[in-house]
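Comments concern the structure below.
The values are calculated or read from the model by the stated rules, or taken from the named source; none is laboratory data. Note that this is a predicted model, so its numbers are computed, not measured. In this analysis, Cβ positions are derived from the backbone assuming ideal geometry, glycine residues included, and neighbour counts consider all displayed protein chains. To get the accessible areas, we keep the full protein, side chains included, count just its heavy atoms, and leave off ligands, DNA and RNA. Shrake-Rupley method; radii C 1.70, N 1.55, O 1.52, S 1.80 Å.
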Amino acid sequence: MLNGCAYILTVDVGNTFIRFGLFAEDSAAAQECPLATCEITTPSSITADEARMRLAQVMAALAADAGMLGALVPTAAVLSCVVPAHNEEANLEDFVRALAQAAGRLTPEFEIIIVNDGSRDATHAVALRLAQDLPVRYLALSRNFGKEAALTAGLAHARGSAVLLIDADFQHPLELLPEMHALWLAGYDRSEER
């Protein structure tokens, strides 16, 4: 709701273009009288998922053109990635760097929260090193409490509008992040790997 009116964003994804329209939901002629529209020509090789991802990049500009700055994208639209880590010295650096690249393609505003669940290897040192040059926040539990406790600690410290819970061992394919992000933007509360 904005100024007493509800607004919806419609998205058409065609073979070679995306069309956005911002309409007043209570308008009798909403489809004929858009508040703002935008059409983007894309390469014919783009997939529907890639096209949907461009929605996130255009939503703020579209809202601004309609005089609704910030109405479609929360000002603190941060993606928090919670990564529990128990003895992940061998995987952690490669995984977190790959995760940072994948998250950075979705949004410039993201954080990675590494939760060290009482590791006995060099997970602590790797996490501290990563925090020096990536948007990493680091939590170290005093002992091994288990994955659920590590996830809970990460959730408690997450600042994002959306939170991704993901293991540090590449068990969950990072290639699915764009699809999960698109589902979140479309209004889904939860998205799970199948």
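Residues that are assigned to a loop (DSSP other than H, G, I, E, B), surrounded by 13 or more Cβ atoms within 10 Å (Cβ to Cβ) and at pLDDT 95 or above: does segment 173-193 have at least one? Step through it out loud before you land on a result.
The first filter runs over segment 173-193 and keeps only residues assigned to a loop (DSSP other than H, G, I, E, B), leaving 173, 186-193.
Checking the rest, the ones that are also surrounded by 13 or more Cβ atoms within 10 Å (Cβ to Cβ) come to 191.
The next check asks that each one be at pLDDT 95 or above; those that pass are none.
Checked against the condition, which is being assigned to a loop (DSSP other than H, G, I, E, B), surrounded by 13 or more Cβ atoms within 10 Å (Cβ to Cβ) and at pLDDT 95 or above, segment 173-193 yields no hits at all.
Can you name the residue in segment 111-121 that is of a type outside the set (Asp, Glu) and either touching a residue at least 40 places away in the same chain (Cβ under 8 Å) or in a strand (DSSP E or B) (or both) and, of all such residues, is surrounded by the most Cβ atoms within 10 Å (Cβ to Cβ)? Spell out how you get there, then give the answer.
Let us first name the residues in segment 111-121 that are of a type outside the set (Asp, Glu), namely 112-116, 118-120.
If we keep only those that are either touching a residue at least 40 places away in the same chain (Cβ under 8 Å) or in a strand (DSSP E or B) (or both) too, we end up with 112-116.
Details: ILE112: 26, ILE113: 25, ILE114: 29, VAL115: 27, ASN116: 24.
Among those residues, the one meeting the criterion is ILE114.
Of the residues in segment 145-172, how many are open to solvent by 60 Å² or more (accessible area, probe 1.4 Å) and within 18 Å of ASN91 (Cα to Cα)?
Qualifying residue count, segment 145-172: 5.
Provide a single number: the residues in segment 80-105 that are open to solvent by less than 20 Å² (accessible area, probe 1.4 Å), farther than 17 Å from ARG143 by Cα and touching a residue at least 40 places away in the same chain (Cβ under 8 Å). Spell out the reasoning first.
Quick first cut of segment 80-105, residues open to solvent by less than 20 Å² (accessible area, probe 1.4 Å) only: 80-85, 92, 95-96, 99-100, 102-103.
Narrowing the set further to residues that are farther than 17 Å from ARG143 by Cα leaves 80-82, 92, 95-96, 99-100, 102-103.
Of the ones still in play, those that are also touching a residue at least 40 places away in the same chain (Cβ under 8 Å) are 80-82, 92, 95-96, 99, 102-103.
Number of matching residues: 9.
Could you pull out the residue among SER119, SER161 that is more than 30 Å from LEU183 (Cβ to Cβ) and of a type in the set (Gly, Ala, Ser)? Break it down into steps so the answer makes sense when it comes.
Numbers: SER161 fails: more than 30 Å from LEU183 (Cβ to Cβ).
Criteria check complete, one pass: SER119.
Test each condition in (1) part of a helix (DSSP H, G or I); (2) closer than 21 Å to PRO178 by Cβ; (3) without any contact (Cβ under 8 Å) to a residue 24 or more places away in the chain for PRO108 and report the one that comes out false.
(1)
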